Amino acid sequence: MRIPGFFPLLLACVLVLGSGVHAAHAASDAPSAATRDFARFSARLPEGWDGEERTGFRSGNDDECMLVLGLKDPAGDNYKALVSVFVLPNEKNGTSQSIAEDLRQFQAEATEAQQDGHYWSFSGEPRSQAFKASALTRVHATPAMVLIALIQDPENQGALAVFDSLKGLTPQTRELLGQ
């Protein structure tokens, strides 16, 4: 499956959406986490994390969904950690592995894609990004839909735990998350 220009488009959407993610509160020594429900997902967000979910972000199709969960610095100017999740139609009927392999070309120094539980994953430096940090990219595809997640957390602020806390609120997102 070839998707030239697709990954930069997704990252550009993150840049636009990132401006809508509200400033984070200063983290305490023992941050608490609260469950936050969106239209298609639910996530446990530690103190200071915020998020936004948009549908139809690429073509106006309501099947498309972009969820951005982030932790900003105390001034609210820059991200400290970011989880970007995209749900898109599987227009070319790609597999998790083939889509992950194709997406690798959009990251510098990308590792080989490998099976990681329910996902195919690889790491690298996204070439076009709103948040300059290495990313762990996870991909899972069904015949109908694709989930692509970019997890960026250079200071170990809990982004992987935030991603792992995701729950699907629709049959489609539950299937994509393996629930």
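Determine whether the stretch 117-134 contains at least one residue that is buried (at least 19 other Cβ atoms within 10 Å of the Cβ), polar (S, T, N, Q), in a strand (DSSP E or B) and modelled with pLDDT of 95 or more.
yes
Go through the stretch 20-39 residue by residue and tally those that are under 23 Å from Glu64 (Cβ atoms), touching a Ser or Thr at 6+ places or on another chain (Cβ under 8 Å) and at pLDDT 95 or above.
1
Looking only at the stretch 88-109, which residues are outside any helix (DSSP H, G or I), in contact with a Phe, Trp or Tyr (Cβ under 9 Å, 6 or more places away or on another chain) and open to solvent by less than 30 Å² (accessible area, probe 1.4 Å)?
Once the filter is applied, which keeps residues that are outside any helix (DSSP H, G or I), in contact with a Phe, Trp or Tyr (Cβ under 9 Å, 6 or more places away or on another chain) and open to solvent by less than 30 Å² (accessible area, probe 1.4 Å), the stretch 88-109 yields Leu88, Gln107.
One line per residue, one yes/no per condition, for (1) touching a residue at least 40 places away in the same chain (Cβ under 8 Å); (2) within 15 Å of Asp116 (Cα to Cα); (3) touching a helix residue (DSSP H, G or I) at 6+ places or on another chain (Cβ under 9 Å):
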| site | (1), (2), (3) |
| --- | --- |
| Lys132 | no, no, no |
| Thr137 | no, yes, yes |
| His140 | yes, yes, yes |
| Ala149 | yes, yes, yes |
| Asn156 | no, no, no |
| Ala159 | yes, no, no |
| Thr173 | yes, no, no |
| Leu176 | yes, yes, no |
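Would you mind finding the one in Glu64, Glu53 that is of a type in the set (Asp, Glu), open to solvent by less than 50 Å² (accessible area, probe 1.4 Å), free of Cβ contacts under 8 Å to residues at least 24 places away in the same chain and closer than 15 Å to Thr173 by Cβ?
The conditions single out Glu53.
For the stretch 151-160, check the following and say yes or no: at least one residue is among the polar types (S, T, N, Q) and either over 12 Å from the mean Cα position of the chain (by Cα) or open to solvent by 30 Å² or more (accessible area, probe 1.4 Å) (or both).
yes
The values are calculated or read from the model by the stated rules, or taken from the named source; none is laboratory data. Predicted model only: the values in this text are computed from it and were never measured. Note: ideal-geometry Cβ built from the backbone for every residue, glycine included; neighbour counts use all protein chains shown. Accessible surface areas use protein heavy atoms only, side chains included; no ligands, DNA or RNA. Shrake-Rupley method; radii C 1.70, N 1.55, O 1.52, S 1.80 Å.
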